[in-house]
Amino acid sequence: MQGQVAGQPLETHRNLQAVNADGTSAWSGSFPFRLRGVLLNNPEDLLDPTPNFLPWDGGANAGRMGGEWQVFLQAVDPEDRGGTACWMGQNYGNLAWLRNSELSYTNRAWVSEILRLEHDPETGHRFRAGDLVEVTVRQSLFYGGKRNINEGHSIDPQYDFSFTLLSAGYGLPEPELVPLSELVRPDDGNPETSEEIFDPTRATGCEHWQGMRIRIPGLQLVSDPALTNRLGARFYGTNGWNPALPWGQRRCTVTDGAGRYFTLRHPRYSLGPVPSGVFDAIGILNQESGSGIQGTNGYELIVQQIVLPPPEVDIARAVVVHWPDNGTAYMLESSPQLADPVWSPVPLPVVRAEGRCMVVLPPQEAQRYFRLRMP
C-alpha cells in the first residue's frame, strides 16, 4: 500500500471534470494529486465487488470484469463544484487491448485491494457514505463523458489510488432540486437524436450537476413499448427496477409528463415496488455516454432514494349527537322531516365518554331531525 506523498497538489473537481465543446476532457494536470470530497455512496451500493477471477481463455471471457468497485465523491470546498467517480475492476486482463490473465487480480489479491481501499490506513475506520475523505490519485482515465479516478487498468501498485479519512460521518450533501427541464429538452420524436442539455462551460444543463446529489421532482415511470419509436435505444421501460439485475440492466425510463424523458439507474438495494404514480428521485447524476474519449449525452440518475407524495387527507365536518348518560339505553332515531315524520334507527355505534353518550354522524347535505326513543 502506498501512502500520501508530501507536497502533492490539491486538485478540484471543477478542474478535473472540465470538458471541451465536443465532450472530450479539458483537464491538463499531472499526477500525483489529491482530491477532497464527501463519499456519496457505499461501494456495494452500485457495483458488485464479489471476487470473480475469470481468465482470458482465448477470448472466451473478453470484457468480463468480474468484481467491480465504485464510489462517488462530491466537492465540499466553497470554491469547488462537481463530483468524481472512483472505479476499480478485477479482470483487466480480459480487456480487448490487454488479453493477458496475468494482468488481472486473483481473487485473493482483489479482496486485499478492496480491504485497502475501504479502510482508513491510520484508524482502520471503514469508509461509509457521508464520510469526508481525501484521495491520493496516481492515474485517471476519461471514459463515458467523465474523468474517473482509477488505476489505468493496471494492477501495478504504482498506479494505486488511496483514501484518507478527514471526518467520519461528515454528512451527505443536501440534494439540489433540479427539474427535469433543466436536464433535457422535450423529445423531438427522432430516435437518433438526444435531447439532453450539454453545456461545455458547465454553467447549465447536465454538466452543471454531474457527479452530484440532486433531487428531480415530479417523475413517473413509463413502460409503453411504442416509445421505442421515439427514443430508440434510450428507452428502457420499467423492467430495470430490480436490485438483483446486473449494472447494465438496472435502467428505467421516466418522464415529467411534459414530453421529456430521462434514464434512472437502480441501485443494488431495494427501493420498494415499482412506483405506479408520481414521485421524486434523489441520487447521483452520472454519465455513461458509451464513448471512451468524448461524451455530450448518456446522462442518468443513479437513484438512492425515492420520495412519494404524501397521501391526500379529506377533512369533513362531522355531526355529533350527544346526551347525558343516565344508564338508559336510548335508541337514536332520525327523520328527514317533522311533518309526517318517518323515524328510523341511526345505524351507528353509541360511544360513552365523560358521562355522555355520543353518536358521530358523517356530513350529510339533506336536513335531518333526531330523537331519542326509550327501549
(message) Can you say whether ARG371 is surrounded by 12 or more Cβ atoms within 10 Å (Cβ to Cβ), charged (D, E, K, R) and assigned to a loop (DSSP other than H, G, I, E, B), as far as the supplied structure shows?
(response) no
(message) Restricting to the stretch 34-58, and then to whatever is surrounded by fewer than 19 Cβ atoms within 10 Å (Cβ to Cβ) and in contact with a strand residue (DSSP E or B) (Cβ under 7 Å, 6 or more places away or on another chain), can you tell me which residue is farthest from LEU115 (Cα to Cα)?
(response) ARG34
(request) Starting from the stretch 101-116, take each residue that is at negative phi and list its partners that are modelled with pLDDT under 95 and not hydroxyl-bearing (Ser, Thr, Tyr), counting only C-beta distances under 9 angstrom and pairs at least six apart or across chains. (result) ILE114/PRO43; ARG116/MET1
(request) Answer yes or no as to whether TYR330 is closer than 26 Å to GLU176 by Cα and not assigned by TED's automatic domain parsing to the domain that holds ARG64. (result) no
(message) Condition first: modelled with pLDDT of 95 or more, farther than 18 Å from TYR236 by Cα and among the small types (Gly, Ala, Ser). Now tell me which residues in the stretch 273-304 satisfy that.
(response) GLY283
(request) State whether the residues of the stretch 281-297 include one that is farther than 22 Å from VAL346 by Cα, hydrophobic (A, V, I, L, M, F, W, C) and touching a Pro at 6+ places or on another chain (Cβ under 6 Å). (result) yes
(message) If GLY298 satisfies all but one of (1) closer than 30 Å to ALA21 by Cα; (2) surrounded by fewer than 16 Cβ atoms within 10 Å (Cβ to Cβ); (3) of a type outside the set (Val, Ile, Thr), what's the number of the condition it fails?
(response) (2)
(request) Quickly run through the stretch 329-346 and pick out the residues that are surrounded by 10 or more Cβ atoms within 10 Å (Cβ to Cβ) and in a loop (DSSP other than H, G, I, E, B). (result) TYR330, PRO336, GLN337, PRO341, TRP343, VAL346
(request) Would you point out which residue out of SER291, SER276 is hydroxyl-bearing (Ser, Thr, Tyr) and buried (at least 16 other Cβ atoms within 10 Å of the Cβ)? (result) SER291
(message) Test of understanding: among THR123, THR164, which residue is in contact (Cβ under 8 Å) with a residue 12 or more places away in the chain, surrounded by fewer than 19 Cβ atoms within 10 Å (Cβ to Cβ), assigned to a loop (DSSP other than H, G, I, E, B) and of a type in the set (S, T, N, Q)?
(response) THR123
(message) Here is a list: SER334, SER344. Which entry is without any contact (Cβ under 8 Å) to a residue 12 or more places away in the chain and either touching a strand residue (DSSP E or B) at 6+ places or on another chain (Cβ under 7 Å) or of a type in the set (Phe, Trp, Tyr) (or both)?
(response) SER344
(request) Kindly indicate the residue of the stretch 206-229 that is small (Gly, Ala, Ser) and more than 18 Å from the chain's Cα centre (by Cα) and also surrounded by the fewest Cβ atoms within 10 Å (Cβ to Cβ) among those meeting that condition. (result) ALA226
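Per-residue answers, yes or no, for (1) within 25 Å of the chain's Cα centre (by Cα); (2) at pLDDT 95 or above; (3) within 26 Å of LEU16 (Cα to Cα):
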| site | (1), (2), (3) |
| --- | --- |
| ASN107 | no, yes, no |
| VAL111 | no, yes, no |
| ILE114 | yes, yes, yes |
| HIS119 | yes, yes, yes |
| GLU122 | no, yes, no |
| ALA129 | yes, yes, yes |
| VAL135 | yes, yes, yes |
| ARG138 | no, yes, yes |
(message) When you scan the stretch 347-354, do you find a residue that is touching a Lys or Arg at 6+ places or on another chain (Cβ under 8 Å) and either part of a loop (DSSP other than H, G, I, E, B) or surrounded by 10 or more Cβ atoms within 10 Å (Cβ to Cβ) (or both), even just one?
(response) no
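The values are calculated or read from the model by the stated rules, or taken from the named source; none is laboratory data. What you see is a predicted model, and the numbers here were worked out from it, not measured in a lab. As a convention, Cβ positions derive from the backbone with ideal geometry for all residues, glycine included, and neighbour counts pool all protein chains shown.
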